[in-house]
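Q: Structure incoming, see below.
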Amino acid sequence: MNIDSSLITTTLQATVRAGTPLLFAVLGDIFTERSGVMNLGLEGLMLVGAISGFAVSYSTGNLFLAVIAAMIAGAVLGLVHAFFTVTLRINQVVSGLAITMLGTGISGLWGKGYIGVVAEQFKTLEIPFLSKIPFIGPVLFSHDVLVYLSYLLVPLMWFYIYRTKPGMILRAVGESPEAADARGINVFMIRYLYTMLGGAITALGGAYLSLAYTSMWIENMTAGRGWIGIALVLFATWDPVKAMFGAYLFGGVTALGLRMQAAGTTISSHILMMFPYILTVAVLFFTSTEKIKLKVGAPAALGVPYSREEKT
Amino acid sequence: MKIKIEKREGTPFYMNILVPAASIIFSLFVMGIILLIFFQRSGMGWGEAFSETLSAYREMFSWPFGNIYGIYQTLLKMVPLAFVGLGLSFAYRMKIWNIGGEGQLYMGAFAATWGALFLFNGIENKFIMITLVLLMGAAVGALWAAIPAFMKAFAKTDEIVVTLMLNYVAIFWVDYLVYGPWKDPKGYNFPLTAEYPESAQLPTMFNGEVHIGIIMVIILAVILQYVYSRTSWGFNSSIAGDNQKAAKYAGINIGFYTIVALLVSGAIAGMGGAVQMMGIQHRLQHGFSPGYGYTAIIIAWLAKLNPVAILLVSFLFGGLLVGNEQLQMFYRLPLALIYIFQGLVLFSLLGGEAIFNYRISFVKERAVEE
């Protein structure tokens, strides 16, 4: 009995750890998509975040600088995406793919010198009192700072998006850029801003992988998490709170897969690794019927470049 | 000052060639700068890094395009790229974003192996065997694309993420087979299957240097060119891609067209997987594709979905892949370089088009207000 409950505790703890990079990726993309810009480049953003965080941690030993570097790298790639999709108005799908290719390539080339080296990494920081609560303590409060940051980010983002004036402006730009423009809001600037901010937060998810989760640099270490993140944005219906549930659901599937492997199941690890992707397809299927889409209301202008001259 | 962007009325024809060519040249230039920095950072002086970059470029182009054996390699690499690129063009014409070429290629290769090693392994007749294996690849490729097709047609599920997720599932599936039940006991523990029987190996040309897959893909391109330009399918699918409303008024069944577009797209990519297996690999193995399915996306775009242009661009990108392999071997550069290059091509191509499609001018703020 005792063994069983500790197994559940460690699995749930692993769930939070595995869900955190996804959570950052999803939260970042929610900001971007709320402004009406679709960014499919999460995979590339995360990889660039992972390598720049790792490289800076390796050369300076300062984790704060590492996190900042990852966020700046994400913001720069976000800027590229914004330039192509907002200013040049090119297809957002293709631009997102190009971001992923660039991110994969840059991280691979840059990371060549960092394979197999050890850098400063985030350590577990038990929160006093809270971590002593039975069951909940080890599951939720025996993690590193980045995990706690992600906890904070969820309610903050929720409040920001739904309860503040800048949040209202953000939603207006994503819903109806024409109306926002008519009220004197600079649609282009808002979209640039949130594409960069979203890129920075998504890149943080990548940095979590290289600085806390795996604690080293491996080429293509995101292994499709960026794409799962895109599916989770739909699943979460652009809501930060639901994003948290989605991210932990997927983290749970990953953690469970690892645990089953460790327990020596006869199922091949390759089959277990398929589960998150199959689950994503299933989730997409059940969240994408017209009815649900109408009810939750995706940002109406998502994926549509805005132009002052060509009003539709 | 303010940037003003106006749409141009019609694009001159020469832009269709100028923009892709300029974007490739521009990307090579930017990649040159990246290489320069890379060499410099790995401990060379700037002058030495510069000459190293130049010689790397010479290496990258002289072998795949300037040497007959290099050209054979380029042709071999071109085959899977062109198959998947042609397949994708079939869906992209309807603006259906099939990003799943990689997975469909893998599933085609899986099905071909299933056929060649287990289902039809008694068949001695080369012609029957090759036809059957090819059909297996096409059928399973189509089946794999049927998942996003039906989801999109009936539940309006976004096909981008679904096709992408299925790529991962397909790759893990092949890994499962080659590490597990299909692993060749005589393979020295490498993750690969047994070799195809002689009858399931494609005939070759040029003293055995190039298999006949290259002829197949040329025939396929001609057929598609005909379908796109001369049949009602070609006409209707491009209307459906341009304007769904107009297509509905014209009585085009969008759901049906969506399903067929994705099925054919997947079938062609799957066939490419079968050809790759029968032509060059002769056995299924872990990670046999260095991302052909993703490169094919760029190829289809660069070629503006024109089948003959897809052949030409595939040849070019096949050569770049061969050249990149040379760089990996002789300059110890990572595979990642090719992704940077592809991302750059995609961006400069699209950016170039945007610049040519829109007239961008700087005007005084006041002038806009009027």
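The values are calculated or read from the model by the stated rules, or taken from the named source; none is laboratory data. As the structure is a prediction and not an experimental result, all values here were calculated from the model. So basically every Cβ, Gly included, is an ideal-geometry build from the backbone, and we count neighbours across all protein chains shown. The protein model used for the area step is the full one, side chains on, heavy atoms only, and it has no ligands, DNA or RNA in it. Shrake-Rupley method; radii C 1.70, N 1.55, O 1.52, S 1.80 Å.
Q: How many residues does region A:131-172 contain that are of a type outside the set (Gly, Ala, Ser), in contact with a Gly (Cβ under 6 Å, 6 or more places away or on another chain) and either over 17 Å from A:Lys242 (Cβ atoms) or open to solvent by less than 60 Å² (accessible area, probe 1.4 Å) (or both)?
A: Residues meeting the conditions: 1.
Q: Is region B:269-288 home to any residue that is over 30 Å from B:Gly187 (Cβ atoms), assigned by the TED database to the domain that holds B:Ala200 and buried (at least 20 other Cβ atoms within 10 Å of the Cβ)?
A: No - not one qualifying residue is present in region B:269-288.
Q: Among the residues of region A:207-219, are any within 14 Å of another protein chain (Cβ to nearest Cβ), under 30 Å from A:Glu175 (Cα atoms) and at pLDDT below 90?
A: no
Q: Give region B:318-337 a look and list any residue that's open to solvent by 10 Å² or more (accessible area, probe 1.4 Å) and facing another protein chain (nearest Cβ under 10 Å), or say none.
A: Residues satisfying the conditions are B:Arg332, B:Pro334, B:Leu335.
Q: Residue by residue through region B:34-70, note down the ones that are closer than 16 Å to B:Asn324 by Cα and free of Cβ contacts under 8 Å to residues at least 12 places away in the same chain.
A: B:Leu54, B:Ser55, B:Arg58, B:Ser62, B:Gly66, B:Asn67
Q: Could you list all residues from region A:63-83 that are over 22 Å from B:Phe347 (Cβ atoms) and open to solvent by 60 Å² or more (accessible area, probe 1.4 Å)?
A: A:Phe64, A:Leu65, A:Ile68
Q: Kindly check whether there is at least one residue in region B:209-216 that is without any contact (Cβ under 8 Å) to a residue 24 or more places away in the chain and open to solvent by 10 Å² or more (accessible area, probe 1.4 Å).
A: Scanning region B:209-216, I find at least one residue that is without any contact (Cβ under 8 Å) to a residue 24 or more places away in the chain and open to solvent by 10 Å² or more (accessible area, probe 1.4 Å), so the answer is yes.
Q: Go through region A:23-49 residue by residue and tally those that are touching a Lys or Arg at 6+ places or on another chain (Cβ under 7 Å) and either open to solvent by 10 Å² or more (accessible area, probe 1.4 Å) or not in a helix (DSSP H, G or I) (or both).
A: 4
Q: Kindly list, by first and then second residue, each pair from a residue in region B:175-186 that is within 7 Å of chain A (Cβ to nearest Cβ) to a residue that is part of a helix (DSSP H, G or I), limited to pairs with Cβ atoms under 7 Å and residues at least 6 apart or on different chains.
A: Between residues of region B:175-186 that are within 7 Å of chain A (Cβ to nearest Cβ) and residues that are part of a helix (DSSP H, G or I), the close pairs are B:Asp175/A:His270; B:Tyr176/A:His270; B:Tyr176/A:Ile271; B:Tyr179/A:His270.
Q: Considering each of A:Val253, A:Val283 in turn, give the residue that is part of a helix (DSSP H, G or I), touching a Pro at 6+ places or on another chain (Cβ under 8 Å) and either open to solvent by 10 Å² or more (accessible area, probe 1.4 Å) or polar (S, T, N, Q) (or both).
A: Just one listed residue meets the conditions, A:Val253.
Q: Could you pull out the residue among B:Met129, B:Met78, B:Met60, B:Met31 that is within 14 Å of chain A (Cβ to nearest Cβ) and either crowded, with 19+ Cβ neighbours inside 10 Å or within 19 Å of the chain's Cα centre (by Cα) (or both)?
A: When all the criteria are applied, what remains is B:Met31.
Q: Also, I was wondering about something else. Taking into account only those residues within region A:103-116 that are open to solvent by 10 Å² or more (accessible area, probe 1.4 Å) and at the interface with another protein chain (Cβ under 7 Å from one of its Cβ atoms), which is modelled with the lowest pLDDT?
A: So, considering only residues that are open to solvent by 10 Å² or more (accessible area, probe 1.4 Å) and at the interface with another protein chain (Cβ under 7 Å from one of its Cβ atoms), the one modelled with the lowest pLDDT is A:Lys112.
Q: Moving on to the next point. Could you tell me which of the residues B:Ile254, B:Ile310, B:Ile259, B:Ile297 is at pLDDT below 85 and open to solvent by less than 30 Å² (accessible area, probe 1.4 Å)?
A: Checking each option against the conditions leaves just B:Ile254.
Q: Just wondering, is there one or more residues in region B:142-155 that are free of Cβ contacts under 8 Å to residues at least 60 places away in the same chain and either more than 14 Å from every other protein chain (Cβ to nearest Cβ) or open to solvent by less than 10 Å² (accessible area, probe 1.4 Å) (or both)?
A: yes
Q: For B:Tyr228, state whether it is surrounded by fewer than 21 Cβ atoms within 10 Å (Cβ to Cβ), hydroxyl-bearing (Ser, Thr, Tyr) and not in a helix (DSSP H, G or I).
A: no
Q: On the basis of being open to solvent by 10 Å² or more (accessible area, probe 1.4 Å) and assigned by the TED database to the domain that holds B:Phe347, does B:Leu54 make the cut?
A: yes
Q: Anything in region A:10-22 that is touching a strand residue (DSSP E or B) at 6+ places or on another chain (Cβ under 8 Å), open to solvent by 10 Å² or more (accessible area, probe 1.4 Å) and at pLDDT 90 or above? List them, or say none.
A: Matches in region A:10-22: A:Arg17 only.
Q: I would also like to ask the following. Out of (1) within 13 Å of chain B (Cβ to nearest Cβ); (2) open to solvent by 30 Å² or more (accessible area, probe 1.4 Å), what's the single condition that is false for A:Thr100?
A: Answer for A:Thr100: the failing condition is (2).
Q: Report yes if B:Ser265 is away from every other protein chain (no Cβ under 14 Å), open to solvent by less than 30 Å² (accessible area, probe 1.4 Å) and more than 28 Å from B:Phe127 (Cα to Cα), otherwise no.
A: No.
Q: Please verify whether B:Ile214 is part of a helix (DSSP H, G or I), of a type in the set (Val, Ile, Thr) and closer than 30 Å to A:Val233 by Cβ, treating the condition exactly as stated.
A: no
Q: Now, a different point. Output the number of residues of region B:338-364 satisfying the condition of being at pLDDT below 80 and more than 8 Å from chain A (Cβ to nearest Cβ).
A: Total meeting the criteria: 8.
Q: Is it fair to say B:Val161 is modelled with pLDDT under 85, within 12 Å of chain A (Cβ to nearest Cβ) and open to solvent by less than 10 Å² (accessible area, probe 1.4 Å)?
A: Yes, satisfied.
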